[in-house]
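This report refers to the structure that appears directly beneath it.
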Amino acid sequence: MQTENNCIVIFGASGDLTHRKLIPALYNLYKIGRLSEHFSVLGVARTNLDDTAFREKMREALIKNENAEGETLDKFCEHLYYQAINTADAVDYVKLVPRLDELHDKYQTCGNTLYYMSTPPSLYGVIPECLAAHGLNTEEFGWKRIIVEKPFGYDIKTAQALDVQIHRFFEEHQIYRIDHYLGKETVQNLLVLRFSNGLFEPLWNRNFVDYVEITGAEALGVEQRGGYYDGSGAMRDMVQNHLLQVLAMVAMEPPAIINANSMRDEVAKVLHCLHPLTDEELKHNLVLGQYIAGEVNGEMQKAYTEETGVPADSTTETYLALRCEIDNWRWAGVPFYIRTGKRLPTRVTEIVIHFKTTPHPVFSQNAPENKLIIRIQPDESISMRFGLKKPGAGFEAKEVSMDFRYSDLSSASNLLTAYERLLLDAMKGDATLFARTDAVHACWKFVQPILDYKAANGRVYEYEAGTWGPKEADKLIAREGRVWRKPSGQMKKKV
Ligand code: BG6
């Protein structure tokens, strides 16, 4: 199904995200016929460009990153426009009014407009107000939706203030808080795996699950984003949003129906059940780390404090391991271990559900664990591990696996990327995969005491780049007789 005719206004159009993710996503949607022919993209930023220069810039990026070419590329670029304004100045938005009128007329959009705030977060509160000053937020003629990029606030107070600011001019049904993890096919597949099979759900609870690991590992460092990252750290950058959303997908109750409200009711409910960690609990359940120089994939990498934009005495965490629990009937007492870090040995995001062992070990004291490994990236897959008889004499059990890989599906090459899926959903008015205000608040409510604890007493341990984080993180999980899984980047033969 194609989208309705509409105009997409990208604020921050001269920035990185626009040419790296947004324009490529729109281009690919256009190429596969998912966009209406009647769409336009209006790039907005301070940089002085005209339509031709903007088109040329985007064209170059598409050729470089998407191997775009030929007629499709030419035609797509004809839909791109640009308007320079001072995005922080409401008066300047007057320039947008005739530009948008013209585009709405030309593309017969009935006024349907999707605003994308791909700007520094300091503008997230300002842009809605400036749009409203010119009546560009009202839905009298066509829908008006606004996409907010993370971070949704810096802490609980600023998150609440931001919410109030945006809500002054846009209603909740118009606000789309994008978390690109929710756009990932395998994250969505978690819901299908859980709720369309009778096999897993009866086991998916405290009676059968021993513990859950959620890992978001990256081999990359902070690249050119040292300035941003240093004010953020792993907790705000990865946990508060992406990994807690993933946790919600693992732990939520089945929604009554699959629609935006039903789904997001369940997500918010489970996030509200996260056990609030006290300072005393955090002493044992939180480990923060920062990478020092080391070798990753055979290449020497510098320390975090030597990265561009990072102060030499920074105590920002580039690694975090956390043990948390969910206080509800399904999960009471089941530890969820979350870890994430930069400059770890490989890039891998995965969830491991560790099931309890048999009540009585008939065949062997060391029977393999039953576990389900859900690989979100790379090499999206699901692997079930269990014990079978080792060939030969006796009854010794050995671990075997049953693996499903997304790439084996003939339709796998048609998978939409996260931004493609989410932009398409926003244009269709489907907010199911966007974070709702109550869920964002629940995440902050859980995260804030951890940030406060870190600010007051949190020690940040060193770890060598290319290792799996500080050894204190191993102790955190070892206290309960467990070890972190050490996944390799590719789930080919053995992981
Ligand atoms: C972003 C973070 O939101 O997610 C980055 O700001 C991180 O620091 C990235 O690298 C990870 O996303 P992905 O899709 O590569 O796992």
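Looking at Ile156 and the list (1) open to solvent by 10 Å² or more (accessible area, probe 1.4 Å); (2) closer than 26 Å to Ile23 by Cα; (3) at pLDDT 95 or above; (4) within 20 Å of the chain's Cα centre (by Cα), which single condition is not satisfied?
With (1) open to solvent by 10 Å² or more (accessible area, probe 1.4 Å); (2) closer than 26 Å to Ile23 by Cα; (3) at pLDDT 95 or above; (4) within 20 Å of the chain's Cα centre (by Cα) applied to Ile156, the lone miss is (2).
Does region 405-413 contain at least one residue that is farther than 24 Å from Phe200 by Cβ and among the acidic types (Asp, Glu)?
Applying the first criterion (farther than 24 Å from Phe200 by Cβ) to region 405-413 yields 410, 413.
From what is left, the residues that are among the acidic types (Asp, Glu) are none.
No, every residue in region 405-413 fails to be farther than 24 Å from Phe200 by Cβ and among the acidic types (Asp, Glu).
So which residues in region 42-62 are within 20 Å of Glu102 (Cβ to Cβ) and not aliphatic (A, V, I, L, M)? Write out each step before concluding.
Of the residues in region 42-62, the ones within 20 Å of Glu102 (Cβ to Cβ) are 42-45, 48-55, 58.
Of everything in region 42-62, those that are within 20 Å of Glu102 (Cβ to Cβ) and not aliphatic (A, V, I, L, M) turn out to be Gly43, Asn48, Asp50, Asp51, Thr52, Phe54, Arg55.
Out of the residues in region 319-347 that are charged (D, E, K, R) and part of a strand (DSSP E or B), state the one that is farthest from Leu288 (Cα to Cα).
To start, the set of residues in region 319-347 that are charged (D, E, K, R) comprises 323, 325, 327, 330, 339, 342-343, 347.
Next cut, part of a strand (DSSP E or B) only: 323, 339.
Working: Arg323: 12, Arg339: 10 Å.
Here the residue is Arg323.
Report, by residue number, each residue of region 191-249 that is open to solvent by 20 Å² or more (accessible area, probe 1.4 Å), part of a loop (DSSP other than H, G, I, E, B), near the ligand (Cβ under 10 Å from one of its atoms) and not acidic (Asp, Glu).
Leu220, Arg225
Are any residues in region 1-28 among the aliphatic types (A, V, I, L, M) and at pLDDT below 95, and if so, which ones? Before the answer, list the steps.
The first filter runs over region 1-28 and keeps only residues among the aliphatic types (A, V, I, L, M), leaving 1, 8-10, 13, 17, 22-23, 25-26.
Within region 1-28, Met1, Leu17 qualify.
Specify which of the listed residues (Ala61, Ala25, Ala53, Ala84) is over 25 Å from Met1 (Cα atoms) and touching a helix residue (DSSP H, G or I) at 6+ places or on another chain (Cβ under 7 Å).
Numbers: Ala25 fails: over 25 Å from Met1 (Cα atoms); Ala53 fails: touching a helix residue (DSSP H, G or I) at 6+ places or on another chain (Cβ under 7 Å); Ala84 fails: touching a helix residue (DSSP H, G or I) at 6+ places or on another chain (Cβ under 7 Å).
Answer to the selection: Ala61.
When both residues are 6+ apart or on different chains and their Cβ atoms are under 6 Å apart, which pairs have a first residue that lies in region 262-282 and is over 17 Å from Val334 (Cα atoms) and small (Gly, Ala, Ser), and a second that is modelled with pLDDT under 95 and in a loop (DSSP other than H, G, I, E, B)?
Ser262/Pro255; Ser262/Ala256
Looking at Arg59, is it among the charged types (D, E, K, R) and within 24 Å of Gly142 (Cβ to Cβ)?
On the way: among the charged types (D, E, K, R): yes; within 24 Å of Gly142 (Cβ to Cβ): no.
For Arg59, the condition - among the charged types (D, E, K, R) and within 24 Å of Gly142 (Cβ to Cβ) - is not met.
Enumerate the strands (runs of 3 or more DSSP E) found wholly within region 348-433, keeping only those where 1 or more residues are crowded, with 18+ Cβ neighbours inside 10 Å, touching a His at 6+ places or on another chain (Cβ under 6 Å) and of a type in the set (D, E, K, R).
In region 348-433, the matching strands (runs of 3 or more DSSP E) lie at 371-377.
The values are calculated or read from the model by the stated rules, or taken from the named source; none is laboratory data. Bear in mind that the values here come from a model prediction, so they are computed numbers and not experimental data. Counting neighbours? That spans all protein chains shown, and the Cβs are built from the backbone with ideal geometry, glycine included. Keep in mind that these areas ignore ligands, DNA and RNA; they rest on the heavy atoms of the full protein, side chains included. Shrake-Rupley method; radii C 1.70, N 1.55, O 1.52, S 1.80 Å.
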